[in-house]
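What follows is one structure encoded as structure tokens, with my remarks underneath.
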Amino acid sequence: TYWAWSWGQLASSQPAWLMTLTGEDLRRDGPVTITFDRALEHIRVNGNGGPRADMAYRVDPDPRSHNVFKGELKEGIVTIAEKGDLRLLQNPLVATELVLPNFHLRLDISQDDSARAVLGGYQPWQDIYWGFGNLSVGGEQQVIGDAVQLYHLMKRYADADPDPVTGQNMSISSAYYIEAVPAF
């Protein structure tokens with residue numbers, strides 16, 4: 001229930017994320033450039049809550065959400081060729097920033113130019129926890145039930161980026177599913 005509520009809040013209060021693919025011919029296999037930016041406008045959605053196609057967005061000039069990666073298009077699938085750090089400003093309601101160091105991408109482009117993607121990497125677990133830990137007592141009772149336990153679970157299962165002094169892993173494996181539609 002929490003994730004459905006979060007998406008409902010984010011869709012109407014967070015600027016959209018834009019992904020731009022450029023290449024010589026996007027109907028054929030070959031090298032591509034993948035650019036991620038944040039828009040100035042909020043995402044436009046259909047009646048079912050999914051992204052609405054063919055809407056116009058302006059790129060936010062803030063460099064904190066501008067990311068460019070080299071990729072490869074093969075049989076309708078786009079992957080990142082050179083791993084890098086993805087950083088996108090998000091929404092303080094759930095998380096202030098999406099940070100995925102050394103992230104991976106698998107983007108499946110459909111015949112109608114819509115796309116489904118999975119972003120994966122190791123995300124700082126304290127960034128994820130913040131969305132739950134800042135909810136106050138009412139939010140804890142209605143959403144997570146036990147924010148303190150979540151803190152300890154995330155700390156225990158963190159599996160990357162060890163702190164050089166304590167050895168505590170500071171990042172946790174994360175994957176995000178994205179639906180993308182053509183936009184202007």
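Against the chain, whose longest principal axis comes from its Cα atoms, helix 147-157 is set at around 60 degrees.
Taking only protein heavy atoms and a 1.4 Å probe, what accessible area per residue, in Å², does the chain have with all protein chains in place? Don't skip to the answer; put the middle values down first.
Numbers: 10870 Å² over 184 residues.
Ligands and nucleic acids excluded, the result is 59 Å² per residue.
The dipole here belongs to region 48-112: it is taken about the Cα centre, uses +1 on the Cβ of Lys and Arg and -1 on the Cβ of Asp and Glu, and is about 120 debye.
Each other residue within a Cβ distance under 13 Å of Pro31 adds +1 if Lys or Arg and -1 if Asp or Glu, for a net charge of -2. Measuring nothing but how far apart in sequence close Cα pairs (under 8 Å, 6+ apart) lie, relative to its length, region 12-110 scores a relative contact order of 24 percent. Placing +1 on the Cβ of every Lys and Arg and -1 on the Cβ of every Asp and Glu, with nothing else charged, gives region 1-67 a dipole about its Cα centre of roughly 180 debye.
Measuring between their Cα centroids, region 83-124 and region 163-177 lie 17 Å from each other.
Short-range pairs are left out: with C-alpha atoms under 8 Å and at least six residues apart, the relative contact order of the chain is 18 percent. Please name which of Ala158, Ile178, Val148 has its Cα lying farthest along the dipole of the chain towards the positive end, using unit charges on Cβ (Lys, Arg +1; Asp, Glu -1) and the Cα centre as origin. Checked the options; the winner is Val148. Please state the relative contact order of region 29-68 as a whole percent: Cα pairs under 8 Å, 6+ residues apart? Across region 29-68, relative contact order equals 54 percent. For region 44-105, the share of accessible area belonging to carbon and sulfur comes to 51 percent (1.4 Å probe, ligands and nucleic acids excluded). Against the chain, whose longest principal axis is taken from its Cα atoms, helix 2-13 shows a tilt of about 60°.
What you get for the chain, charging only the Cβ of Lys and Arg (+1) and of Asp and Glu (-1), is a dipole of about 140 debye around the Cα centre. Which shape class applies to region 1-109: rounded if a/c is under 1.5, otherwise prolate when a/b exceeds b/c and oblate if not, where a ≥ b ≥ c are the square roots of the Cα gyration tensor eigenvalues? Prolate, because a/c is 1.5 or more and a/b exceeds b/c. Using just the helices of the chain, give the 222 nm mean residue ellipticity in deg cm²/dmol: DSSP H runs with n ≥ 4 each add -39,500 (n - 2.57), and the total is spread over all residues, rounded to 500. Mean residue ellipticity at 222 nm (helix-derived): -5500 deg cm²/dmol.
The values are calculated or read from the model by the stated rules, or taken from the named source; none is laboratory data. Keep in mind it's a predicted model, so treat the numbers as computed, not measured. Reconstructed Cβ throughout: ideal geometry from the backbone, glycine too, with neighbour counts over all protein chains shown. What goes into the accessible areas is simple: the full protein's heavy atoms, side chains included, and nothing from ligands, DNA or RNA. Shrake-Rupley method; radii C 1.70, N 1.55, O 1.52, S 1.80 Å.
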